[in-house]
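Where a number appears in this text, it was derived from the coordinates with a stated rule and is not lab data. Quick caveat, the model's predicted, so the values are computed rather than measured. Methodologically, a virtual Cβ is constructed for each residue, glycine included, from the backbone with ideal geometry; neighbour enumeration extends over all protein chains shown.
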């Protein structure tokens, strides 16, 4: 017997058509530092069609990568739809990459056209001599003037975004697309080595957008919501929020380059945002500002999603005190990214620590397993740890031009995260495989140590790395940023930890710094810390 | 550039594994008329594996249809997973079909094995001599004894369900399945002609289950919910609820054969059900009972979903008075079925009639258009009507063994429903194409007339059909069921309608009956009414 169902392709144009038609009155707001410009989905949709026509005129065809070097703004959203709808591949470029990495990924992907905000144009111009494939640069003016000297450095034909759009009609004819065709690509942030490219398909993007309300039913995206998209749109498609919000008609608030605690906190209040998503370091800054500014009205805010790295319990408590729900999610560039989101399961109170501090519950569509050192699958007992492996329709099976077989295991992606999973599918990440500290044959979780240190009221940030030790092999080094005005010292912090962690976990090595280095996507950059430690740049105290 | 994503097949076993593992403590309750038996998802999952092994032993292989002639109960749910997971096809048989229709669809599908509840075994036994393919009948005991004479009538090898399961181990090895393989089939209820088979794929079933929380974010299915599955499991996979509830860990309450107003109302209260789904005629009975029994505690109930036919405004108001939200949905056997669900859009109050009485808002994943008599597409203005056409990954492209090209139009399904759609994607169905009354060259909506008549306090039910008229071509005949104790007459009802509908809509022909005939799935059976009218069975009064 054969199925009689239609063979509908799950594509980004299908998302686009739905939002443009059913949610034509929903809005995209872009912050310019003072106020927000506004456009309805219908207006954005019309511009998407013009952009697609313009890109086609520049020679962009099916399968061609188009680079974006843009902040979160309306034009970036327009590119999110126009590029894949043409059958081309949206290649989001991380604005915070080192120049040599940026040149490497533009060349490897083969971007022919790059859309760039004028405020970051100098970063692109700096690497222009290295770029081998870029023929056209399209300037998206976000307030920085561009002089002729800068234009000349680009070594490509330069266009104005608005001029290109103005020259085209709306109502472009879209090609029919196969759902397995490439739609977008993103390089990993390269914390362990060279960035590697992940290429999302139309199908994976559609399914991931469709999955959001199953992953986080506590904070659904509907046309009654307004979503502040803090996650950079150059990072894993901003966790898929632009596609999910468009599909479901949620307003999008785009913060542009204003990603510090103060402007974000003020934007949450001024726009009556109801939901937002970002990394813990950003939420930490926002929380500090909110604590100092109780006059800000966040009564519209239903909750925040935090992901990208472990959510310190102190942050959860801080937002709790302000009556703001924070859900934790887990995923990575390789996983589109949503694999797990923490929300209250049956029988659990909203503040039950049994789920609040878990990294997330595996979402339908993703399958997970924990694999021990010996290759065997660990039980779902909430205790046994191993490397987490995942599979599913929005998980990568390889990297662009690099099959990297060591990253895969019988069709499952090896995530490089160490953790356990309990009988209800709640994951607890204890560490990154490469960050685990092996001391005297036992493992110390750097994440758990960091969380405990950060729970001290005088600590703003803390990162823990393993350093070589003659006797134990490795021992933890705690790198701490004190709160403003505090003079807390290593002895006091060690004493504070004494009844919170096992005695042999207590660090003997401490360093106090002004800031912990961050990766291009806002995570603690432990590779950098290890380099600083090895080169003697860090002033380390022993106890 | 090629996508690097995994090629994961979207299959029913994927739903099964997720619920069995992540929601192992969620429950399936089956009502037996007095109390409920209970099993956890983990226990059900173990029985699913045994059932699959047993079916394989009976010779069921990939692509083979397996019939179910069962009420809503745990065993039926077990078959929902075991049959498709084997690669076989779940063929749900409507318990209320005429014998000749039942024999026709079993023969056409080619069911080799049929699972049957003992309370409905006589219905199957009656047609047994006509069945050409059934080799095995598996008895699921739901309280009716089965004697040897009845067994002998079946003309097939007879097995006991529990005996089959007891003989098998759990831990069956499942085959790898293609997502486009057939998973389940359901015949239309045949209100216009012979039932036609629709064959769902694994992919369509998975996507439809995945879609539920996007379609109805106001009433999500999560593991904090308890869902009373009133829609028969023999009818369009109970609107996909068993798959969606399992995927998301919602408890399922199965009412078995107790589908009258009183037991359903008591079950809602006794089980602390939070959500339920069914047809308006059932909700009408439940409402009447609830109104007479204010002592029933329905405080856990968040809302009801109503679909299958138009929801009379009076019913919405009645539930409103009890503080119970009713959402309207729209779809059909051919559409898996969910195409549209009505929930409050941005800016609308929960009781805003601008959405409450709409048939539903088109859900992401489904595309819709309104096609006029001349074949042109109508604007989304909320006024222009035409035939509604739909397409999408869970919409049928043909019928089993019957391509029926007249039902399709350039890849879209012609639904046979007449309606309009507004600028926000809210559909308003005004009639079935075949039920529209053409009077003097103008159209009269039978559904609108019915709703207006039913809004009279003395009317329990009303159905309107077109009857031949010498002068006007066709005129409406109103068939009315009075509320108990009422003696309301045609003159009074016509006067009541006078300032509610256009003058030329006012029916001159009235019939008062004890009950409006219903189809096998609980809709007003207008084919039957037209037959009764033509044969003079209806006592029609003229005014």
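Annotations
- Shape call, region A:364-504: gyration tensor on alpha carbons, a/c limit 1.5: prolate
- Hull shadow area, averaged, chain B [alpha-carbon convex hull, nm²]: 27.0
- Of the beta bridges in the protein assembly as shown, as assigned by DSSP with both residues counted there, near 55 percent are antiparallel.
- Scattering curve values for the protein assembly as shown, log₁₀ I(q)/I(0), Debye with Cα scatterers, q = 0.09, 0.10 Å⁻¹: -1.08, -1.28
- Take residue B:323, push a point 7 Å out from Cα through the beta-carbon direction, and compare it with the same point in every other copy: 2.3 nm, smallest first.
- Cβ-vector label at 7 Å, residue A:63, separations to other copies in nm: 3.4
- 0 to 90° range, to nearest 10: angle between helix B:41-57 axis and chain B longest Cα axis: 70
- Cα-based shape type of region B:296-429, given that a ≥ b ≥ c are square roots of the gyration tensor eigenvalues and the cut on a/c is 1.5: prolate
- For the rotation carrying B onto A, the chain B residue whose Cβ lies nearest the axis, with the distance in whole Å, reads B:213, 2.
- Classification of region A:72-122 by its C-alpha gyration tensor yields an oblate form. The axis ratio a/c (a ≥ b ≥ c) is 1.5 or more, and b/c is at least a/b.
- For residue B:504, inter-copy label distances in nm, listed shortest first [label point 7 Å out on the Cα-Cβ vector]: 9.3
- FRET efficiency estimate (nearest 0.05) - Cβ-Cβ, residue B:302 to residue A:369, R0 45 angstrom: 0.85
- Diffusion constant of region A:435-542 at 37 °C, which comes from Stokes-Einstein with the Kirkwood Cα-pair radius and 0.692 mPa s, µm²/s: 236
- Once Rg and the Kirkwood radius are both taken over the C-alpha atoms of region A:113-226, their ratio Rg/Rh works out to 1.05.
- Computed from Cα positions, the angle between helix B:261-270 and the longest principal axis of chain B comes to roughly 60 degrees.
- Inter-centroid distance (Cα atoms) of region A:217-251 relative to region A:294-317, Å: 16
- Ranked A:324, A:12, criterion: other C-beta atoms within 10 Å, fewest first: A:324, A:12
- The base-10 log of I(q)/I(0) for region A:99-173, evaluated at q = 0.14, 0.25 Å⁻¹, reads -0.46, -1.18 [Debye formula, identical scatterers on Cα atoms, solvent excluded].
- 0 to 90° range, to nearest 10: angle between helix A:12-22 axis and chain A longest Cα axis: 80
- Cα centroid of region B:413-456 to Cα centroid of region A:479-525, whole Å: 69
- Length released on extending from residue B:317 to residue B:194, taking residue separation times 0.36 nm less the Cα-Cα span: 40.6 nm
- Efficiency of FRET from Cβ geometry, residue B:37 and residue B:7, R₀ 60 Å, rounded to 0.05: 0.90
- Neighbour counts of C-beta atoms inside 10 Å place A:186, A:339 in the sequence A:186, A:339, starting with the fewest.
- The fewest-to-most ranking of A:162, B:491, A:387, B:225 by surrounding Cβ atoms within 10 Å reads B:491, A:162, A:387, B:225.
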